[in-house]
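Report on the following structure.
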2 protein chains.
Amino acid sequence: MNWKLAARAAKMNPSVLREILKVTERPGIISLAGGLPSPKTFPIQAFADACAEVLHNDGQAALQYAASEGYAPLRQAVADMLPWNVDPAQVLITTGSQQGLDLVAKVLIDPGSKVLVETPTYLGALQAFGPMEPNPVSVASDEDGVIVDDLVAKAKDARFVYLLPNFQNPTGRTMTEERRAAVSAAAAEAGLPIIEDNPYGELWFDEAPPLPLTARNPEGCIYLGSFSKVLAPGLRLGFLVAPKAIYPKLLQAKQAVDLHTPIFTQRMVSAVMKDGFLDRHVPTIRALYKRQRDAMIAALTREMAGLDVKFNAPKGGMFLWARLPEGIDTVKLLPKAVERNVAFVPGAPFYAGLGDPRTLRLSFVTASVEEIDVAIAALAITLREELELLGEHKLAPAPV
Amino acid sequence: MNWKLAARAAKMNPSVLREILKVTERPGIISLAGGLPSPKTFPIQAFADACAEVLHNDGQAALQYAASEGYAPLRQAVADMLPWNVDPAQVLITTGSQQGLDLVAKVLIDPGSKVLVETPTYLGALQAFGPMEPNPVSVASDEDGVIVDDLVAKAKDARFVYLLPNFQNPTGRTMTEERRAAVSAAAAEAGLPIIEDNPYGELWFDEAPPLPLTARNPEGCIYLGSFSKVLAPGLRLGFLVAPKAIYPKLLQAKQAVDLHTPIFTQRMVSAVMKDGFLDRHVPTIRALYKRQRDAMIAALTREMAGLDVKFNAPKGGMFLWARLPEGIDTVKLLPKAVERNVAFVPGAPFYAGLGDPRTLRLSFVTASVEEIDVAIAALAITLREELELLGEHKLAPAPV
């Protein structure tokens, strides 16, 4: 048969990461790799009650075709929970926030369109944008997010800049208030739309992050949110908030893609969320993840002592970012770590341009404190062996 | 802000149909318009039991991220229920079969690619393909489906032909065994891939339709199926079966779009389907829809007597196709019908090329027998008034 692929499909390649990580599903491996929320946090009983309630009270409507925009009470709940003035008519419920990225790509990207991303950026966004064949351009970034001068320098003719200001995937970094104000002003000045992705914003440990960029200029931003990290990812429920100028196009793209997000799960989540459930539930997730972040930092400090290993201390979210000594390539290190029953994600695939081979992402949310201790110890042994093997002998004297 | 739309988005227009049909959601209107399965057929208790069971037995896994390919037992169940030898590795679970169309478009359509469709064809497919900017070409069709000579004449350089052989949306027609054999042979001869969409195939009334086209040449077809019509549409669960040469590309497109189909609803449906549930449940749907189809045909025969109204008698599915007397434009007739509290879907939007303005689609599944009687009587009055208004006076003598 003459199966002729579209140009965009001919360019698609299996996710490097996915291929690498298949091996990490082996039993016995402690995975610090995947971005899987801790299943301990899933409110199973609340979901069970919500299913029973929805099917008992509104069974027929919960199983019928429904509006492409989403379930009205859920759209209202989203508008109510966001910290700026959102009209529910601007809220589109999506099949996970990943779908929001696909819709944005369809509506805003032509082949060759310049789109700006952080250095590094969320790999799933690069994958979602990819089929529309953009030219993704990395904006120089530091520990506070994109650097404004470089953003301004690259803004011309860019369709948008994609930013993840809170506890970014993969770096765990957060954009400061000062940087947000500067980025927001610079983007508005340049007429550059912002796609703001905020799946992790509720997972703060000591204090809530600064206001979203969208709150500062709602007409200039599309905001993407998710229920995956505060309730459960397996329902695939997210949302976007778009200016009225763009919303109808996103809605038409949504209709064409899957008619609507499953109404049953929308009603389930709406039922779970009533009576302030998230206000009671989310603090328990924050407390758990904070304990695990602390454990990971303690373990890294202890086990990597004397090695030239840099890592950050994220103020929330799920991920920590580390950089190993010169000469190390984390893609090559991974299979050796897996032999010692620990997995991580190499950092290079997260870069739109040339990746830094010394970087890696560590998730502190899926594994328990005990597992984190074991895993980081195993990672340190792997690293020390690799350094010796490389003849680098960069070991400093052991700490006293 | 400088929101520059992608070319594909600039071309998107609000669905004519959707705008027209908004008015039909008014209370008091009997809608023969939407393709909504009868909510009486939704197995609410079975779903309630399945939710409780899944959350009790596998709550954490049912709420966690999952494989992009879909839930393995559900893929196996799909393979088992199809009437040819399907490897579960070829099954991809989709967020409704509409998503299958989006994935096919992404993988097979370049801007300007010729894609062949029936005359008329499923509007949702035209909408799903649209963002990839194909050149859709209508293949001449009769009451048995596409005409083979015209298919062959147009096959050159076409990326695929999209066919809905069973109880087609919008016409309700079914491709005969003879036509299937000829279409399958002609497509294979021309090297023309077939996208076979089969959401309605299980809804047969007196006898099962002939074997799918895909069963005759699995390497030359992508098959799309759905749980919407046999269980419930509000879960948005469908599937596709693709040859091994194409599957990896569809899977990559799926990952980029939404990571995976909600695993909770996949497990729910898998739990509902065990122990042969569909074998007991689907016959009740068939019986209900057959009664309602019979009622609609009887009402049309009675109420349209003496008018030049042609309609078919579908052997299954949800829709009946009618053609009104010369001079009638069903798009213009619709608001007048709505004034008389009945709604239908005009036929013209279902044509890739120039539509036949005299055609309309009537759903016999959502309204009850009593409602169908009232609605068809109201439609006949509307039509008679319109004919008089047109000065056409085509009224034949009233039947004795």
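To test your reading of the geometry: what angle, between 0 and 90 degrees and rounded to tens, separates the Cα axis of helix A:247-258 from the longest principal axis of chain A? Long axis of A:247-258 versus the principal axis of chain A: about 80 degrees. Among the cysteines of the protein assembly as shown, A:Cys221, B:Cys221 have no other cysteine beta carbon within less than 4.7 Å of their own. Determine the distance separating the Cα centre of segment B:258-334 from the Cα centre of segment A:109-134; give it in Å without decimals. Measuring centre to centre over Cα atoms gives 42 Å. Counting only alpha carbon atoms, the long axis of helix B:369-389 and the longest principal axis of chain B meet at about 50°.
Using C-alpha pairs under 8 Å with a sequence gap of at least 6, the mean separation divided by the residue count of chain A gives a relative contact order of 23 percent.
For A:Trp3, the shell of other residues with beta-carbons less than 12 Å away shows a net charge of +3, using +1 for Lys and Arg and -1 for Asp and Glu.
Peptide B:103-116 shows a mean partner chain C-beta count of 3 within 10 Å per residue C-beta.
Between copies, the label points of B:Ala313, set 7 Å from Cα on the Cα→Cβ line, lie 8.1 nm apart, reported in increasing order to one decimal in nanometres.
Rounded to the nearest 0.05, what FRET efficiency do A:Ile44 and A:Ala287 give with R0 = 25 Å and r taken as the Cβ-Cβ distance? Could you check?
Working: r = 19 Å, r/R0 = 0.74.
My answer for the efficiency is 0.85.
Given 10 Å bins starting at zero, what is the percent of C-alpha pairs of the protein assembly as shown in each, up to the one with the largest pair distance? Going from the shortest bin to the longest, the percentages are 3, 13, 22, 24, 19, 11, 5, 2, 1, 0, 0, 0. Which residue, A:Pro349, A:Pro199, A:Pro27, has the most motion in a Gaussian network model of chain A that connects Cα atoms within less than 10 Å? The residue with the greatest mean-square fluctuation here is A:Pro27.
Is there a simple number for the mean count of other chain Cβ atoms within 10 Å of the Cβ of residues in A:240-253, and what is it?
Per residue, the average neighbour count from other chains is 3.
Here the simple spin-label model places points 7 Å from the Cα toward Cβ, and for A:Glu25 and B:Leu211 these points are separated by 3.3 nm. Taking A:Leu123, A:Leu389, A:Leu231 in turn, the Gaussian network model of chain A (Cα-Cα springs below 10 Å) assigns the largest fluctuation to A:Leu389. Per residue of peptide A:129-139, the mean number of Cβ atoms on other chains within 10 Å of the residue Cβ is 2. A point 7 Å from Cα along Cα→Cβ stands in for A:Leu354, and the other copies hold the same point at 6.0 nm, listed in rising order. Cross-link partners of B:Lys114 among lysines, defined as those whose alpha carbon lies under 24 angstrom from its own and excluding same-chain residues fewer than eight positions apart: A:Lys4, A:Lys11, A:Lys106, A:Lys254, B:Lys11, B:Lys106, B:Lys154, B:Lys156, B:Lys244, B:Lys249, B:Lys254.
Treating each Cα of segment B:266-361 as an identical point scatterer and summing with the Debye formula, the log10 of I(q)/I(0) at q = 0.14, 0.15, 0.21 Å⁻¹ comes to -0.68, -0.74, -1.09. When chain B is turned about an axis onto chain A, which of its residues keeps its C-beta closest to that axis, and how many Å is it? Reported as residue, whole Å: B:Cys51, 2. When the Cα positions of B:Gln99, B:Val152, B:Ala208 are compared along the charge dipole of segment B:64-275, B:Gln99 comes out farthest toward the positive end, with charges on each C-beta of Lys, Arg, Asp and Glu. For A:Thr176, which inter-copy label distances result when the label point lies 7 Å beyond Cα on the Cα-to-Cβ vector, reported in nm to one decimal and in ascending order? Going from nearest to farthest copy, the values are 7.9 nm. Exposure proxy ranking for A:Val257, B:Val86, based on other Cβ atoms within 10 angstrom of each Cβ and starting from the fewest, stands as B:Val86, A:Val257.
Taken together, the values in this text are just the output of simple stated rules run on the coordinates, not laboratory data. Note that this is a predicted model, so its numbers are computed, not measured. Every residue, glycine as well, gets a Cβ built from its backbone with ideal geometry; the counts of neighbours run over all protein chains shown.
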